[in-house]
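Notes to accompany the following structure.
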């Protein structure tokens, strides 16, 4: 765990179910209960039909790297010790329009700088591996499938 890393708010009413699923090791996405459109990030209203009704669907956790970046200093002070590291955007296998942000790591629980950035390629297949960083936050990380 990186000391003093900024963490998400887990009590936001729209996003709280995502973090609850994450604590159980599940990658979940909000779905409109009316038109069945998946959406991420979660929000109170469906952008397609304007319904306020929603439910949550657990996905397989599999996907492909859609994009990535390798941040270099200057960074937030908490990330300086692990720079350079990667940040990946992963499209969900079930719906390529649904994307999640995380890090590609060598193995579950490995540091965010455990993968050589030169080996990352768009289109690589990955699977989610959550890392519990506090009692109420498990962050999505990804490992090669």
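Inside the range 17-35, can you point out the residues that are in a loop (DSSP other than H, G, I, E, B) and closer than 13 Å to residue 98 by Cβ? Step through it out loud before you land on a result.
Quick first cut of the range 17-35, residues in a loop (DSSP other than H, G, I, E, B) only: 24-27, 33-35.
Residue satisfying the conditions is 27 alone.
Quick one: which of 74, 84 is part of a loop (DSSP other than H, G, I, E, B) and without any contact (Cβ under 8 Å) to a residue 24 or more places away in the chain?
74
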Hey, does the range 39-50 have a residue that's outside any loop (DSSP other than H, G, I, E, B), modelled with pLDDT of 95 or more and closer than 21 Å to residue 127 by Cβ? no
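Please find, among 79, 100, the residue that is touching a residue at least 60 places away in the same chain (Cβ under 8 Å), out of contact with any helix residue (DSSP H, G or I) (no Cβ under 9 Å at 6 or more places or on another chain), over 26 Å from residue 20 (Cβ atoms) and not in a loop (DSSP other than H, G, I, E, B).
79
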Just wondering, is there one or more residues in the range 120-130 that are under 23 Å from residue 19 (Cα atoms) and over 16 Å from the mean Cα position of the chain (by Cα)? no
Test residue 65 against the criterion of being under 28 Å from residue 4 (Cα atoms), touching a helix residue (DSSP H, G or I) at 6+ places or on another chain (Cβ under 8 Å) and either in contact (Cβ under 8 Å) with a residue 60 or more places away in the chain or in a loop (DSSP other than H, G, I, E, B) (or both), and give yes or no. no
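The values are calculated or read from the model by the stated rules, or taken from the named source; none is laboratory data. Keep in mind that this is a model prediction, so the values were computed, not measured. Neighbour counts run over all protein chains shown; Cβ positions are idealised from the backbone, glycine included.
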